[in-house]
Amino acid sequence: LILLDSLLQEMDLELSLPSNNAEYKDPDYWDKRFEKEESYEWLANFDEVKEILKHTLEKFGKTAKILQLGCGNSSLALDLYKEGFENITNIDISEICVKKMSAKHQQLKFVQMDMTSLEFGEAKFDLVIEKATLDSLLVADRSPWDLTGQGCVQVSKALREVKKVLKVGGVFVSITFSQPHFRVPLLAQGGLEWSVKVDKFTSTGGVLDYYMFRCQDGDPSSAVEKWCVGNGPYIENKEAWTSSDEEEFIMKVNSSCLASSSDDEEGDGTEGSGGSCG
């Protein structure tokens, strides 16, 4: 899958589309993009996720130590700061992004760092949050069912790093367009020992369903039973695909096909549990 939001944003900015989807994992791509792009909100803005984040934020209070992975030029950190959460560290793989965001928001902390190799030590944060950043590692994988792909391996590495820096009782929040039967197997893998709660939502005026996964110390078995449906099909593309090929396909898809297929994918209605996004 290509990142649909990125595709549409690049069309608006008249940026050159990558010749290969793997470039979305390349820091040089993001440096070039952030040189031109001043701000972009991936998937949904803070107001659209505020309600389902409310319980988690209240759990830790205003003194919570928060880490955002792949902050990009999103306003999420600033929005949290305005809500009274001032102890926020934001990392991004792009040097250009970190420099620009540091100059723009001097009250916030921005650090250039790879989320697959966090340098904070153990048990440092109450809350770790990412928005479409894990998705950027998966863009070159041929099949979302194949958990042995390079992207899934990188995601697993990042998740182990998140586990390391979370305090006991801490929470990891992942916001994505990846459906639960693709994402839960990664979040529920051995060694993480996380319970996983799922919420589904749609951004204002959007046609895609998005998901919020809330992970904390616990038993993953209920999430595995509900969402893990087996290995699924493996699709091997014989031809060389480019971003422009996928762009043409996406533009032809009727928006009704992208809307939610059914309500039975929803969670139980309670709070759901190196790339660059934000």
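The values are calculated or read from the model by the stated rules, or taken from the named source; none is laboratory data. What you see is a predicted model, and the numbers here were worked out from it, not measured in a lab. Heads up, the Cβs are rebuilt from the backbone with ideal geometry, glycines too, and the neighbour counts pull from every protein chain shown. Note: accessible area is taken over every heavy atom of the protein model, side chains too, but ligands, DNA and RNA are not part of it. Shrake-Rupley method; radii C 1.70, N 1.55, O 1.52, S 1.80 Å.
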When the residues of region 18-36 are narrowed to those that are at pLDDT 80 or above and among the acidic types (Asp, Glu), which ends up least open to solvent (accessible area, probe 1.4 Å)? 31
Scan the strands (runs of 3 or more DSSP E) fully inside region 108-220 and keep the ones with 3 or more residues being under 21 Å from residue 85 (Cα atoms), open to solvent by less than 50 Å² (accessible area, probe 1.4 Å) and modelled with pLDDT of 90 or more. 125-131, 166-176, 209-217
Some residue of region 221-242 being closer than 20 Å to residue 155 by Cα, crowded, with 21+ Cβ neighbours inside 10 Å and at pLDDT 90 or above: yes
